[in-house]
Amino acid sequence: MQPTTAILIGAGDRGARAYAPYALDYPNELKIVAVAEPNDERRERIKVEHSLSEADCVSSWNEIFNMGKVADIAIICTMDRQHYEPTMKALQLGYHVLLEKPMSPDPKECIAMEKQAEKYNRQLTICHVLRYTEFWTAIRNIIAEGTIGDVASLQLNENVEAMHMSHSFVRGNWSNKEESSPMILQKSCHDMDIIRYVLDKKCERISSYGSLMHFRRENKPEGAPLYCLDGCPAEDSCPFHAGHYYLGEGRGWAKKFTEDTSNEGIINALYETDYGKCVYQLDNNVVDHQVVNMEFEDGATATFSMCGFTREQTRIVQIMGTKGEIRGKMDDNQISVYDFLTKQETIIKFNHPTGGHGGGDRGIMKDFLSDIKRTDKRESISSASASLDSHLMAFAAEESRLKKGTSIELDQFYNELSKEYTTS
Ligand SMILES: NC(=O)c1ccc[n+]([C@@H]2O[C@H](COP(=O)([O-])OP(=O)(O)OC[C@H]3O[C@@H](n4cnc5c(N)ncnc54)[C@H](O)[C@@H]3O)[C@@H](O)[C@H]2O)c1
């Protein structure tokens, strides 16, 4: 059987590292036939790795769409504010689309994309990769089977990890919500989505608090220069010193901003990008901690806490049902299920995941490639409509946070957005 063919739009970290390698690992299933990427080095890498001709490597999505429909699917991995336009166009041309999350920072664009997929009868799958991990799939199944009775409450902690916080959300791509999206959408749309997915219930109301507490100008150490490498007096007392981090244990993160990861290459890049700047002197404005409260249709509640000041980068969940409890930490790759009647604890261990996000990056591609061949019109596990639902939870949480914790009714929130929505 011929492999599914794909165009890749955006060959950055996600496009080139999370999804394109699938075509190299499973050439019988997927073949990249063209790429759109403005960065010369990144475009060239895809060209070489996937043996593309010069003509099939262009610098923008407009050019790739000018070729007409040249493949079965479009994998869209541009930045958050560059999702809407190429997705609308790709669907119109007849591509099935695998789109990175968040769908868009604008809720009305999310609604429009869902409608576009419906209009052109195409699969639009959003990369909520956690849905494809063994960890969360098992939790969802245990709840669905009634093993822990009716869920009364769920707690989820997203531990971002302090250096990851400084890298991505203070110095990096997602530090400024006007340029990318608010933290609850960018980072924690996964969490809103997975809560919605495992409970399999509609969220009715939501409230939220949170702020940017630490990475602010007033916390700048006395005399700190703009670039950490320019002799910062706080060099030995600041955990976020760029030189110590990126030339030391954070060397792996350096490949996100330079292709040259020699010491010299990293030092040059630290001066050419924001990654070398003092974390207290940037234009970041996304929150460094946020909590969200949710109430679901049958009265079940959930609380979520995202915090940038944690030792580990992981998610920890506790789900309390009327007959038992589930606990799990994603990093441990196992869950515990406790039965109130028998007092028995069952530990379920999962296979060591292959690939990023607990195996979710690979899992979503595998599922997507099979979904597009289905004839029964079943939507994918992470379809645009399923994703729209959990994105709306994130948008509502952000609205609540901005209104100092006012509770938002989700039906009303959606109805007001849909009223404003007009088809273009
Ligand atoms: N699913 C997940 O868990 C997950 C994890 C991290 C990031 N993301 C999301 O993935 C998306 C991409 O993130 P990333 O880390 O790969 O960012 P990135 O900056 O590394 O990659 C984006 C790429 O898009 C390219 N680009 C810009 N304009 C373009 C155009 N007109 N045509 C084609 N390409 C263009 C850029 O040059 C860049 O290489 C973001 O929306 C991000 O929020 C998802």
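List of remarks:
- Distance from the Cα centroid of region 158-224 to that of region 39-66 is 33 Å (rounded to whole angstrom).
- Computed 3J(HN,Hα) for region 130-142, one whole-Hz value per residue from the Karplus formula 6.51 cos²θ - 1.76 cosθ + 1.60 where θ = phi - 60°, is 5, 4, 9, 8, 5, 4, 7, 5, 5, 4, 4, 5, 5, glycine and proline marked x.
- Relative contact order (percent, whole number), region 274-365, Cα cutoff 8 Å, 6+ residue spacing: 13 percent
- Ranking Ser382, Ser407, Asn351 by Cα position along the charge dipole of region 334-424, where only Lys, Arg, Asp and Glu carry charges on their C-beta atoms, puts Asn351 farthest toward the positive end.
- Counted charge near Gln82, where neighbours are those whose Cβ lies closer than 13 Å (Asp, Glu -1; Lys, Arg +1): -4
- When DSSP beta bridges are restricted to pairs lying wholly in the chain, around 60% turn out antiparallel.
- Charge tally in the Cβ shell below 15 Å around Ala71, where Lys, Arg are +1 and Asp, Glu are -1, Ala71 excluded: +1
- Packing-based exposure ordering (other Cβ within 10 Å, fewest first) of Trp174, Trp136: Trp174, Trp136
- In sequence order, region 152-160 has phi-based couplings of 8, 7, 9, 10, 10, 10, 9, 8, 6 Hz under the Karplus curve 6.51 cos²θ - 1.76 cosθ + 1.60, θ = phi - 60°, and Gly or Pro positions carry x.
- For region 237-253, 3J(HN,Hα) computed residue by residue from phi via the Karplus equation (6.51, -1.76, 1.60; θ = phi - 60°) reads 10, 9, x, 9, 4, 4, x, 4, 6, 6, 9, x, 5, x, 4, x, 6 Hz, glycine and proline entered as x.
- Fraction of alpha-carbon pairs over 28 Å apart in region 55-201 - percent: 33 percent
- Ordering of 256-268, 104-116, 33-45 by packing [mean C-beta count within 10 Å, highest first]: 104-116, 33-45, 256-268
- Counting only Cβ charges, +1 for Lys and Arg and -1 for Asp and Glu, the dipole size of region 269-424 around its Cα centre is about 500 debye.
- Estimated distance in nm for a label pair at Thr147 and Lys69, the labels positioned 7 Å out from Cα along Cα-to-Cβ: 4.3 nm
- Comparing Cα centroids, region 112-137 and region 286-300 end up 22 angstrom apart.
- Prolate/oblate/rounded call for the chain, Cα gyration tensor, a/c under 1.5 rounded: rounded
Taken together, the values in this text are just the output of simple stated rules run on the coordinates, not laboratory data. Model, not experiment: these values are computed from the prediction. FYI the Cβ positions are ideal-geometry reconstructions off the backbone, even for glycines, and counts take in every protein chain you see.
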